[in-house]
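Trainee: Sharing a structure with you now.
The values are calculated or read from the model by the stated rules, or taken from the named source; none is laboratory data. Keep in mind that what you see is a predicted model, and the values were worked out from it rather than measured. As a convention, Cβ positions derive from the backbone with ideal geometry for all residues, glycine included, and neighbour counts pool all protein chains shown. Each accessible area value is taken on the protein alone, full model and side chains, heavy atoms only, with ligands, DNA and RNA left out. Shrake-Rupley method; radii C 1.70, N 1.55, O 1.52, S 1.80 Å.
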Amino acid sequence: MAHEPAPLNEHQQRHLYFGLAEVDRLLTEVEGVLASAQSRTLFPRYLDDLNPGQRRMLEGGIARLRAELAQLLASRGMRPQRPQIEASGAIRTALVFAEIAAEELGPGNMRGYGELSPEQAQEVEGVVAELRNRVAALLAELAPEPAEQLEARVAALPPSHAKALLARLERVTRERGLAEFRAGLSLLAARMAAPALEIAVFGRVSCGKSTLLNYLLGVGVLPTGVTPITAVPTRVGYGPEPRLTAEIGGKLQSFPVGELAALASEQRNPDNRLGITRLEVSYPSPRLRPGVVFVDTPGLGSIRSWGAMETLAYLPKAD
């Protein structure tokens, strides 16, 4: 027969709840130190002096301790409060402050430290502009779709069993305030509105991904080479005439298809310095006419990490 814990009064219960919450907060702080010690920040705070065995021991110990906390909460009929702050909102706030910090690096804020030559001022302005473009691209990626807009997009879809299920999910998400599911539902609505079979090619650096896709397309649209080429995932779909569209800083811009190498290649756009969040090529290839979309992705295993992160982030979007 299970032992029932003696009941606590309201104040004792509250004291226990916030005490457990503080223990969990400190465990989260330890996890933050572990993550920070291995991060690629240019201004590290912690020296990573832990060996792999110590790291595994700490991670496993924290998991077991959390399990005991959860069991203690459950035995007293308590449950943790549901999170109230959206991660996207907190990240957006940090990025806005990063944008302000970049702006304050401008030449006008250096007047008290000595005069800058015109060449120096131009160089600093270029650095500031590049930083702001990068931050703007990250902010554009986080731009939330209003709940009303998502509801209207789902309602506009042609009738189907899938639409009915999506509409039900959207309604539950909206009524229960489950904002964390909006991005996924938005992606589903977009895919249902413009159905296509999206085939993405993944592989190590310079293993021939772009060359393979060019062969399938019957034309050399994608840049190729023996060194790492692709810096940004590039979607290639059917269109009556060649066309290149890039999303830079949240704005769509059109370019001649011949400019693709300047935007997508690692040589001419290293680490995606232009801050491109989407590249789409339209081409009148018979292989694409049935609604097929090919995606060329940055290679994995490169010493440059930006492209690999872009590739892994794209993986869930492909069919």
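Trainee: What are the residues in region 194-204 that are open to solvent by 40 Å² or more (accessible area, probe 1.4 Å) and out of contact with any Leu (no Cβ under 6 Å at 6 or more places or on another chain), if any?
Mentor: Passing the criteria: ALA194, PRO195, LEU197, ILE199, PHE202.
Trainee: Counting only residues that are in contact with an Asp or Glu (Cβ under 9 Å, 6 or more places away or on another chain) and open to solvent by 40 Å² or more (accessible area, probe 1.4 Å), how many does region 93-115 have?
Mentor: Of the residues in region 93-115, 1 are in contact with an Asp or Glu (Cβ under 9 Å, 6 or more places away or on another chain) and open to solvent by 40 Å² or more (accessible area, probe 1.4 Å).
Trainee: Which ones in region 284-298 are in a loop (DSSP other than H, G, I, E, B) and out of contact with any Asp or Glu (no Cβ under 8 Å at 6 or more places or on another chain)?
Mentor: SER285, ARG289, PRO290, GLY291
So that you can scan it fast, the table gives a plain yes or no per residue for (1) open to solvent by less than 100 Å² (accessible area, probe 1.4 Å); (2) in contact (Cβ under 8 Å) with a residue 40 or more places away in the chain; (3) in a helix (DSSP H, G or I):
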residue	(1), (2), (3)
LEU20	yes, yes, yes
GLU31	yes, no, yes
GLN54	yes, no, yes
GLU59	yes, no, yes
ARG64	no, no, yes
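Trainee: Can you name every residue in region 177-210 that is assigned to a helix (DSSP H, G or I) and in contact with a strand residue (DSSP E or B) (Cβ under 6 Å, 6 or more places away or on another chain)?
Mentor: LYS209, SER210
Trainee: Name, by its number, the condition in (1) within 24 Å of ARG182 (Cβ to Cβ); (2) surrounded by 12 or more Cβ atoms within 10 Å (Cβ to Cβ); (3) at pLDDT 85 or above that does not hold for ALA137.
Mentor: (3)
Trainee: Would you please list the contacts, defined by Cβ atoms under 8 Å and residues six or more apart or on different chains, that run from a residue in region 37-49 that is in a loop (DSSP other than H, G, I, E, B) to a residue that is of a type in the set (S, T, N, Q) and open to solvent by 100 Å² or more (accessible area, probe 1.4 Å)?
Mentor: Once the first residue is in a loop (DSSP other than H, G, I, E, B) and sits in region 37-49, its partners that are of a type in the set (S, T, N, Q) and open to solvent by 100 Å² or more (accessible area, probe 1.4 Å) give ASP48/GLN38.
Trainee: Would you please name the residue that is farthest from LEU72 (Cα to Cα), looking only at residues in region 33-49 that are aliphatic (A, V, I, L, M) and open to solvent by less than 60 Å² (accessible area, probe 1.4 Å)?
Mentor: ALA37
Trainee: Scan region 155-176 and report the pairs whose first residue is part of a loop (DSSP other than H, G, I, E, B) and whose second residue is open to solvent by less than 80 Å² (accessible area, probe 1.4 Å) and of a type outside the set (Lys, Arg), with Cβ atoms within less than 6 Å and a gap of 6+ or a chain change.
Mentor: LEU157/MET192
Trainee: Given the criteria of a type in the set (Ser, Thr, Tyr), surrounded by fewer than 14 Cβ atoms within 10 Å (Cβ to Cβ) and in contact (Cβ under 8 Å) with a residue 40 or more places away in the chain, does SER88 qualify?
Mentor: no
Trainee: Checking ARG132 against (1) open to solvent by less than 40 Å² (accessible area, probe 1.4 Å); (2) under 24 Å from LEU274 (Cα atoms); (3) not in a loop (DSSP other than H, G, I, E, B), which test does it fail?
Mentor: (1)
Trainee: Would you pick out the residues in region 209-225 that are surrounded by fewer than 18 Cβ atoms within 10 Å (Cβ to Cβ), within 17 Å of ALA261 (Cα to Cα) and at pLDDT 85 or above?
Mentor: Within region 209-225, THR211, LEU212 meet the criteria.
Trainee: Can you work out which of the residues in region 166-184 that are open to solvent by less than 70 Å² (accessible area, probe 1.4 Å), at pLDDT 85 or above and hydrophobic (A, V, I, L, M, F, W, C) is nearest to ARG235 (Cα to Cα)?
Mentor: Among them, the one singled out is LEU166.
Matching residues to (1) of a type in the set (Val, Ile, Thr); (2) crowded, with 18+ Cβ neighbours inside 10 Å; (3) modelled with pLDDT of 80 or more:
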| site | (1), (2), (3) |
| --- | --- |
| THR234 | yes, yes, yes |
| SER254 | no, no, yes |
| VAL257 | yes, no, yes |
| ASP271 | no, no, no |
| LEU279 | no, yes, yes |
| TYR283 | no, yes, yes |
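Trainee: A further question follows. Being in contact with a helix residue (DSSP H, G or I) (Cβ under 8 Å, 6 or more places away or on another chain) and free of Cβ contacts under 8 Å to residues at least 60 places away in the same chain is the filter; apply it to region 66-83 and report the residue that is most open to solvent (accessible area, probe 1.4 Å).
Mentor: Only one residue fits best here, namely ARG79.
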